[in-house]
1. Among the residues of the range 12-21, are any surrounded by 14 or more Cβ atoms within 10 Å (Cβ to Cβ), within 16 Å of the ligand (Cβ to nearest atom), at pLDDT below 95 and closer than 24 Å to residue 242 by Cβ?
2. Which members of the range 283-307 meet the condition of being buried (at least 19 other Cβ atoms within 10 Å of the Cβ) and more than 26 Å from residue 115 (Cα to Cα)?
3. Conditions: (1) within 16 Å of the ligand (Cβ to nearest atom); (2) farther than 20 Å from residue 64 by Cβ; (3) in contact with a helix residue (DSSP H, G or I) (Cβ under 9 Å, 6 or more places away or on another chain). Residue 327 meets all but one. Number of the miss?
4. Does the range 303-316 hold any residues that are within 16 Å of the ligand (Cβ to nearest atom) and modelled with pLDDT of 95 or more, and which are they?
5. Please indicate, with yes or no, whether at least one residue in the range 378-386 is more than 23 Å from residue 193 (Cβ to Cβ), surrounded by fewer than 17 Cβ atoms within 10 Å (Cβ to Cβ) and without any contact (Cβ under 8 Å) to a residue 40 or more places away in the chain.
6. Do we have any residue at all in the range 421-444 that's under 23 Å from residue 206 (Cβ atoms), modelled with pLDDT under 95 and surrounded by 15 or more Cβ atoms within 10 Å (Cβ to Cβ)?
7. Is at least one residue of the range 349-363 modelled with pLDDT of 95 or more, closer than 30 Å to residue 195 by Cβ, away from the ligand (no atom under 16 Å from the Cβ) and assigned by TED's automatic domain parsing to the domain that holds residue 244?
8. Taking the range 273-282 on its own, how many of its residues are surrounded by 19 or more Cβ atoms within 10 Å (Cβ to Cβ) and in a strand (DSSP E or B)?
Ligand SMILES: [Zn+2]
């Protein structure tokens, strides 16, 4: 058993005695940082000055003030982002623009200073110590051409720990990537879950013997248990998970060698989980919307920012011995869950969990539509050659057994090949004329997850 390397990261901020960090020490640090942040935001940003007008001076008050502070919505970030800026334009080192989804108005823009970026680099450098060691080599199957993209920052972090890395970008041709992995020796692979699974399955189907991979880091999308298990079995490696968003500064939380939740970089991020309907904080173990407060961010701090992601915090000390708080698996965007006519909720993670266990499957598309009052789930499977029939039969049987899909007609189509159907994040598409997905913030959707 090895304690998470994030202990080292947090101890850089919290003077330590060489002993593992205590919960009390972390929370005392966070309380002081939160008080500083509130005053910083109030003094520098017109948006926060107005938002915090009813909040008195909170000096020397503990973390219990958190729930009294106003929440910040994604719409506010999109529409008033410039007024959230707390530094001069010439102090901004990087602006990340996330395009509008088409229905939500303006693009989201986040501003980072050089110090903000350095804190992310530090998290990656120390966090990667959980899964990589000096002298090893890593293949990064993520976009990395722009400075401060996740792939680029990971490469820089790995270099600082004497791990050589190569950025391959997203996997467009799993066979070509598998050939690279056979020809060269990589100890660590980093990428999207479905993309890495495709590389492993294509290599197996074509009898390409991959050299021993020590560890895999999955990130940037929902991480199904089915894929984690399949990769661990197929490559004989340890599989780690990371959660991060642009709002969290790309880095957020990463699991340790016990794989029972991702440790949060708690001196940078204060994470809460709230009931998406009422906005009230939920206890550890309850599923709800992840809310972020960036404790150190200088350029554009976020105060109780609603991420729209479904997750839960885990209570107690980790089996690795660390008291650093852990985030359980993040189940994707709450707004992307679809409410069926029956009142049941369905989302892509539920489909991923039952389908990716099928060994002949590389990828799939899923669409819900409606025909004369009958709801249909259309699944298009991409299977390994010669596995189409058996995979389609098993997929139909598994989906038909899902209680959420009771009354929904499941239609399966299949094609074969070694290519993927997606680049980047996947989603369940609702093509019904009167979809119910806009109501997905309702707290009732959380019940199936408890
Ligand atoms: Zn741990």
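1. Yes, the conditions are met somewhere in the range 12-21.
2. 287, 288, 289 - these are the residues of the range 283-307 that are buried (at least 19 other Cβ atoms within 10 Å of the Cβ) and more than 26 Å from residue 115 (Cα to Cα).
3. It is condition (3) that residue 327 fails.
4. The answer is 313, 314.
5. Yes, the range 378-386 contains at least one residue that is more than 23 Å from residue 193 (Cβ to Cβ), surrounded by fewer than 17 Cβ atoms within 10 Å (Cβ to Cβ) and without any contact (Cβ under 8 Å) to a residue 40 or more places away in the chain.
6. yes
7. No, the range 349-363 has no match at all.
8. Selection size over the range 273-282: 2.
The values are calculated or read from the model by the stated rules, or taken from the named source; none is laboratory data. Computed from a predicted model, the values in this text were never measured in an experiment. No Cβ is skipped: glycine too gets one built from the backbone with ideal geometry, and neighbour counts run over all protein chains shown.
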